[in-house]
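Structure record follows, encoded as structure tokens.
The values are calculated or read from the model by the stated rules, or taken from the named source; none is laboratory data. For clarity, every value in this text was computed on a predicted model and none was experimentally measured. Backbone-built Cβ (ideal geometry, glycine too); neighbour counts: all protein chains shown. Side chains are part of the model used for accessible areas, which takes the heavy atoms of the whole protein and leaves out ligands, DNA and RNA. Shrake-Rupley method; radii C 1.70, N 1.55, O 1.52, S 1.80 Å.
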Amino acid sequence: MQSKGGLALKRLFALTAALALLLTGCQSQPAVPTETPSADSHRDAAFLAMDTVMSFTVYGPVAEEALAAVTERVNGLEQLLSVTREDSQVWQLNHAEGRSIDADDDLISILAAAQNLGYSTGGALDVTLYPVVRAWGFTTGEYQIPGDEVISNLLEKVDYRAVSVREGQVSLPEGMEVDFGAVAKGYAGEVCADLLRERGVTSAILRLSGNIQTVGAKPDGSPWRVGIQNPNGQANDNVGILEVIDQAAVTSGGYQRFFEQDGVRYWHIIDPATGAPARGGLTSVTIVADSGTLCDGLSTALFVMGREKGLDYWREHRNFECILMDEEQNIWVTAGLADAFTLVDGSGYTLRIVEE
Ligand code: AMP
Ligand code: MG
């Protein structure tokens, strides 16, 4: 990154040039900007979308226009994919009673990606789980533990394979409902990163709640540093630091949304096999890959699968790297992240590198 002194010097030069023009009386010359956009000038935006706080930082000469474009893109996606807004296509799909609806490319893409991940994870990710998520109260915050019969009835209508995705049209069997809580932020980060790259941005970091999407490296060429949160601690209590360049890093954890009843904690990541909060022994899963959609889908799916199945999935696919934290205070880091991850001193966690 350019030093503060360097930037101040640049500003001084611009100011001196402008003054010189004024003093020599060259009024007909075009105005000289007092500050020329430089590679490390940046723009920030913080806003609410998709039920969470988003905070974007874009660097470089086109930062302002590029930031406006991605903010608008996220708002457009929220309008399309919201499960609660009655004007969204997802709402329309969920209330179509089995009929097909005309769908925008984004809805087709996200549904197709989610369905593919459903197949590849053996149903650990299932976007048709929505009625079950709602029964637990995770959609409204009015938490409750549904009875076994309620859950088993609802699970009869859960099946990612039954979603029909065709050119320009999608449909669900009657009684089924989808929601993209598990993939939408990753998808949004990914499409925004692509949009920034198309506009010539070479350095940006987009924070969409627990989803981090980066474009390039920091303006000085060094990697972005992403904190990996202690599942038992506060938001700024990190057990490790992960370095990322031009990729997405997405974390799912039971600590992100939960309620407690009779001393038991119930979190928002549900195992589609049981209809109850996933208890695979993990407390947090971080996925690093080029595709934010893949990261988001897999962070949820591997949390459901647990360590052994999750690492088998990694061995089989190798199109991502991951960090898994378990209830025994181990932190499992796959080989591709061994150099990028640093454990914070005194974290209380044991680092275990997974080679193969
Ligand atoms: P994430 O924070 O990305 O792990 O996504 C969790 C959100 O996705 C929850 O708040 C639910 O709305 C939804 N969800 C929970 N469990 C699953 C699952 N197994 N498959 C798909 N979506 C899920
Ligand atoms: Mg997810």
What length, rounded to one decimal in nm, is gained on full extension from Ala235 through to Glu308, with 0.36 nm per residue of separation minus their alpha-carbon distance?
-> 23.5 nm
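With runs of 4+ DSSP H residues as the only contributors, calculate the mean residue ellipticity of the chain at 222 nm using -39,500 (n - 2.57) per run, divided by the residue total and rounded to the nearest 500.
Counting only the DSSP helices, I get -10000 deg cm²/dmol.
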Order the following by accessible area, largest value first: Met50, Met325. Probe radius 1.4 Å; ligands, DNA and RNA are ignored.
-> Met50, Met325
Specify which residue in the list Val201, Val183, Leu107 is farthest towards the positive end of the charge dipole of the chain, using unit charges on the beta carbon of Lys, Arg (+1) and Asp, Glu (-1), about the Cα centre.
-> Val201
Share of the chain's accessible area from carbon and sulfur, percent, 1.4 Å?
-> 48
Rule-of-thumb Rg ratio for region 201-356 [Cα; 2.2 N^0.38 Å; N residues] = 1.01
Assigned charges on the beta-carbon of Lys, Arg, Asp, Glu; the chain dipole about Cα centre (debye) | 1040
Return one number: the angle in degrees, 0 to 90 and rounded to the nearest 10, between the long axis of the Cα atoms of helix 4-23 and the longest principal axis of the Cα atoms of the chain.
-> 40
Please calculate how many Å² of accessible area region 156-235 carries per residue, with a 1.4 Å probe and no DNA, RNA or ligand atoms counted.
-> 42
Using Cα positions and a limit of under 12 Å, work out the aspartates and glutamates in reach of Lys218, with same-chain residues fewer than 8 apart set aside.
-> Asp40, Glu243, Asp246
The chain - Debye-derived log10 I(q)/I(0), Cα point model, q = 0.08 Å⁻¹ | -0.45
By accessible area of protein heavy atoms, probe 1.4 Å, what ranking do Asp104, Asp51 get, highest first?
-> Asp51, Asp104
Among Met325, Gly346, Leu311, whose Cα sits farthest toward the positive end of the charge dipole of region 301-356 (+1 at Cβ of Lys/Arg, -1 at Cβ of Asp/Glu, about the Cα centre)?
-> Leu311
Among the aspartates and glutamates, which fall within straight-line cross-link reach of Lys157, defined as a Cα-Cα distance under 17 Å, with same-chain neighbours fewer than 8 residues apart omitted?
-> Glu97, Asp126, Asp148, Glu149, Glu174, Glu177, Asp179, Asp271
Rounded D (µm²/s) - region 277-345, Kirkwood Rh over Cα pairs, Stokes-Einstein at 37 °C, 0.692 mPa s | 271
Residue order for Ile212, Ile145 - accessible surface, 1.4 angstrom probe, largest first | Ile145, Ile212
How are the C-alpha pair distances of region 97-181 spread across 5 Å bins, as whole percents from the shortest bin up?
-> 3, 15, 23, 24, 18, 11, 5, 1
Which angle from 0 to 90°, rounded to the nearest 10, does the C-alpha axis of helix 105-120 make with the longest principal axis of the chain?
-> 50
Send over the semi-axes of region 200-242's equivalent ellipsoid, whole angstrom and largest first, taken as the square roots of 5 times the C-alpha gyration tensor eigenvalues.
-> 24, 12, 6
Helix 184-198 sits off the longest principal axis of the Cα atoms of the chain, rounded to the nearest 10 on a 0 to 90 degree scale, by 30
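Could you work out the per residue convex hull volume over the alpha carbons of region 88-136, in cubic angstrom? It would help to have the intermediate numbers written out before the result.
Values: hull volume 4.4 nm³, N = 49.
Here the figure is 89 Å³ per residue.
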Longest segment of the chain with no trypsin sites (Lys or Arg not before Pro) in a DSSP loop having at most 12 other Cβ atoms within 10 Å?
-> 100-317
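Report the FRET efficiency, 1/(1 + (r/R0)^6), for Asp262 and Arg161, where r is their Cβ-Cβ distance and R0 is 35 Å, rounded to 0.05.
Between Asp262 and Arg161 the formula returns 0.45.
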